[in-house]
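**Student:** Have a look at this one.
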Amino acid sequence: WLDLVAALSLLPDTWFVQEFIIGDESAFAAGRSSRVSRLMRIVARSTKATRMNRLTRIVRAATLLPRIMAVFGKQVRDEETQKLLNNKLEKTFAFLDEDMDDRINREQLQDCLAKLRAQGQNRGERSAPSSFKYSKTFNSTESAGSFDESRGPPARSGSHISGGSEPDRLVDFKEFKARLLEDECIKNRLMTVCRHQVGKANNMQNIGSRHSEDVGVKVALGILLTLFVLGILEPTAEDNSSILGLEFIDRQVLFRNSSWGDGMWSGHLRDHVSIWESQLARTPAGHMELLYLDIERKVYCNEFALGTDRGQSCSVSKDTPLSWFPRSTLRRLDDDLFSSDFRFVDLKILRVLKDNSIDVDEASDEVLEANTVTSAVLYQREAVEVTAIFSIMTTIFVIFLIFTGITLLTRDMNYLSLWLLKPLRSLADEMQSIVQLQFAALSMEVKVTEKSVAEIRMVQRIFGNMKKAIKSWGKYVPWPVVRILLSAGVDAVPVVRKREVTIFFSDIAGFTTIVEHLPPEDSLFLLSRYFNEMSKIIDESEGIVMEFIGDAILAVFGAPMKNPDHASSCVQAAWQMVRVLKHKVNVLAVSKGLPEISIRCGVHTGRVLIGNMGFHSRLKYGIIGPEAAVPDRLEELNKTYNTKILISLATFRRISRERFVCRPVDIVKLNSRYPPEPVYEVMKDLGRPRPAKLKPPAKKFSQALDCYRKGNFQQALTMFEEVDQEIMELTEVDKDPPSRLMMQRCEVFEHA
């Protein structure tokens, strides 16, 4: 619409309108006009309309001012870029720091460096990544505070168990940032990304940059509206002295010079004309000069036709005789005017009509010729120049007002954006991260903007305290439960549901005896590192740690996050925990002068009641049911068979026989409600289905156990001895405890 207004304001000046609609507005004989022509002529002649026409065009120019200002404001300060980069690096580090101990593995740092370098090679140096990508998806279908579990986040990479001392393999944020920025290629790309985001305000929708052009237009329209109203209210002083003087001269001729016999102008009339000319030279609008005058159709002077028999100078002295001659037609006079060197805009035409009721715009050539008794043409170049200067000064003043208004409003909006909207935007981003369950935002400290308003500082402090509370809450309650509660957005209520899950229970062998010989701080350090590493493995395998019972760990797989393969995930986690304990925790313990530890694990799959237990003011996420006690029983059986991991028949039926190498070690009554069932030892996790050297001994052990159950103890003894020998050769151990135990039993029953 603004372009349309600007285009309409230019219509009176266009060649088409001037030529075909307005026509020859400076002509004496302007034929019959249409109403549109008269309207356009009035608009073109009006001083106020002309001024508003010019000022309206300024509106369009005013919209360019914010863009011009933006060109000078596009220099992004390095300080802002550095702050944005540091903020993104902190969030990336917090995302990698899954256990929230402010340290990450060196392998994670290497993976991050490798991915950034790979992106640079794939995209090329001229194409920087659009943003840092760090997100974890977590969907939940919770309602009414109950846990209707949904699929959790995808399994993360397992813990690294390579050698090396623990302090050398952990990286804090300072080293993480230094390692990333010491690579010039990565540093340049990251700085380019941040500089681009700061410049384009992608990280904060700046209200000033988004609305500066609208502000410029509104300020310009406001000023123009003010000028328009003032132009209506202010009375317009119009100088009519020239036409009044011409009418006075015309009346003098009628009264005193009725006879034209001698062909000369009288001295008395020439005195009147001289007085009128002197007044034209001192008009308020500026100096005007007489170029043509005819009185009662008798030509007084005509400088347009000098050099012809119809030409006569208007500046002759009073003593020089001045003759008159009849006026030719107005059309002929128009031809002389158009063929002269004067500009039409510098000429002012005056006429005295016999009948003042005649409409000049509607009258025909014949009517104008018959009624125009006296006419004059004045040269008003000085008046045009004064008007142009005034118009230029007005334009400059309006532009100055618009520019000042835009500057002041933009400054106020920038101040509002910097100290009000920017802190709110930062809080909104962090809140959105928590709502989307990106818990890396919890590790970020909320920075209080000291220069902002008191209410913003209060909100920042309260939000910072809330983040600390949620982070602390996650240390007491399983993080999946925290995610579900936050995503559900409802109050938790006491409710349980019957679900099939896989339960894990582990205990440190002889830990009571170990801590009796250790100082409390060493016991706490060893137990903390153990719980930290084991919890990470459980989290990475999509399980949740229900609770720590002394040195024991109770975990559940398959709830509250849905996992159709929860049995395999649990067995995989148990095997990984045994390996990490041997290659990582014990390595650290030995380096600190602490004793090595070992664990016994029990895994069982069954249907239990799981959910919120307690009462309305105090709840706990837990499990109950007969099946919940089976893992504890399996963990205890490890003492009997000297094994690491024992699983129940229900779990064995749900895991991949191609991936895990298992063997039955005995027939045991695990639950008083069910008959005795086989108990299996997990001998190997192949990682993927593939041939394994331990599969033949495991199969032979199962066959030997069948012979044992049938009472064929001699054959069973022979087969157990073969299994014991094969396993010692394959695993380089001094004995196979389950085989030795069954050999002893066979010998006892054989001689009984």
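**Student:** Taking a ≥ b ≥ c as the square roots of the Cα gyration tensor eigenvalues, with a/c under 1.5 meaning rounded and otherwise prolate when a/b beats b/c, else oblate, which class fits the stretch 483-621?
**Tutor:** In terms of gyration-tensor shape, prolate.
**Student:** Between ILE392 and TRP419, what is the label-point separation in nm under the 7 Å Cα-to-beta-carbon projection?
**Tutor:** Reported label-point gap for TRP419 and ILE392 is 4.3 nm.
**Student:** Counting heavy atoms of the protein chains only and a 1.4 Å probe, report the per residue accessible area for the stretch 549-700 as a whole number of Å².
**Tutor:** 44 Å²
**Student:** Classify the stretch 587-649 from the C-alpha gyration tensor, please: rounded if a/c falls under 1.5, else prolate or oblate depending on whether a/b exceeds b/c.
**Tutor:** oblate
**Student:** Show me, for the stretch 702-719, the HN-Hα J-couplings you get by feeding each phi into the Karplus relation (A = 6.51, B = -1.76, C = 1.60, θ = phi - 60°), rounded to Hz, glycine and proline as x.
**Tutor:** Going residue by residue, I get 5, 5, 5, 5, 5, 4, 4, 5, 7, x, 8, 6, 5, 5, 4, 4, 4, 5 Hz, with x marking Gly and Pro.
**Student:** Then there is this: Ordering TRP265, TRP419 from largest to smallest accessible area (1.4 angstrom probe), what's the sequence?
**Tutor:** Solvent-accessible surface, decreasing: TRP419, TRP265.
**Student:** Could you look at the stretch 545-663 and say what percent of its accessible area is carbon and sulfur, using a 1.4 Å probe and all protein chains?
**Tutor:** C and S atoms contribute 50 percent here.
**Student:** Here's something else I'd like to know. For LEU293, LEU225, LEU649, give the ranking by accessible area with the largest first, probe 1.4 Å.
**Tutor:** LEU225, LEU649, LEU293
**Student:** Can you pick out the pairs among LYS91/LYS422; LYS471/LYS498; LYS88/LYS584; LYS644/LYS693; LYS83/LYS218; LYS174/LYS471 whose Cα atoms lie more than 27 Å from each other?
**Tutor:** Exceeds cut-off: LYS471/LYS498; LYS88/LYS584; LYS83/LYS218.
**Student:** Considering amide H positions built from the backbone, and no H for Pro or chain starts, which residues 5 or more places from ILE295, or on another chain, come under 5 Å of its amide H?
**Tutor:** TYR300
**Student:** Extending each Cα 7 Å along its Cβ direction at LYS498 and ARG657, get the distance between those two points in nm, one decimal.
**Tutor:** 3.0 nm
**Student:** Just the number, please: carbon plus sulfur as a percent of the accessible area of the stretch 675-744, 1.4 Å probe, no ligands or DNA/RNA counted.
**Tutor:** The computed percentage sits at 49.
**Student:** Using amide H atoms built in the peptide plane, which far-off residues or other-chain residues are under 5 Å from PHE325 H to H?
**Tutor:** VAL299
**Student:** What does the C-alpha gyration tensor say about the overall shape of the stretch 612-752? Classify as rounded when a/c is under 1.5, otherwise prolate if a/b is larger than b/c, or oblate.
**Tutor:** Prolate, because a/c is 1.5 or more and a/b exceeds b/c.
**Student:** May I pose another question? From the backbone phi of the stretch 558-568, what are the Karplus-calculated ³J(HN,Hα) couplings (6.51 cos²θ - 1.76 cosθ + 1.60, θ = phi - 60°) in whole Hz, Gly and Pro given as x?
**Tutor:** x, 7, x, 8, 5, 8, x, 9, 5, 5, 5
**Student:** Let me ask you something else. Stretched out fully, how many nm does the piece from MET458 to SER266 gain, at 0.36 nm a residue minus the Cα gap?
**Tutor:** My answer for the length gained is 59.6 nm.
**Student:** Heavy atoms of the protein only, probe of 1.4 Å, neighbouring chains included. What is the accessible area of HIS272 in Å², nearest 10?
**Tutor:** Solvent-accessible area, nearest 10 Å²: 40 Å².
**Student:** Next question. Search the structure for amide H atoms under 5 Å from the amide H of MET683, placed 1.01 Å from N in the peptide plane, and list their residues when 5 or more places away or on another chain.
**Tutor:** Amide H neighbours of MET683: VAL661, CYS662, ARG663.
**Student:** Residue by residue through the stretch 401-414, what is 3J(HN,Hα) from phi via Karplus (6.51 cos²θ - 1.76 cosθ + 1.60, θ = phi - 60°)? Round to whole Hz and write x for glycine and proline.
**Tutor:** Per-residue couplings from phi come out as 4, 5, 4, 5, x, 5, 4, 5, 5, 5, 5, 5, 5, 5 Hz.
**Student:** Can you tell me the FRET efficiency between ARG332 and ASP429 if r is taken as the Cβ-Cβ distance and R0 is 56 Å, rounded to the nearest 0.05?
**Tutor:** 0.10
**Student:** Given R₀ = 22 Å, FRET efficiency for PHE255-GLN279 by Cβ-Cβ distance, to 0.05?
**Tutor:** 0.60
The values are calculated or read from the model by the stated rules, or taken from the named source; none is laboratory data. All values derive from a computational prediction rather than experimental measurement. With ideal geometry, Cβ positions are generated from the backbone for all residues, glycine too; neighbour counts draw on all protein chains shown. For accessibility, only protein heavy atoms count, side chains too; no ligands or nucleic acids. Shrake-Rupley method; radii C 1.70, N 1.55, O 1.52, S 1.80 Å.
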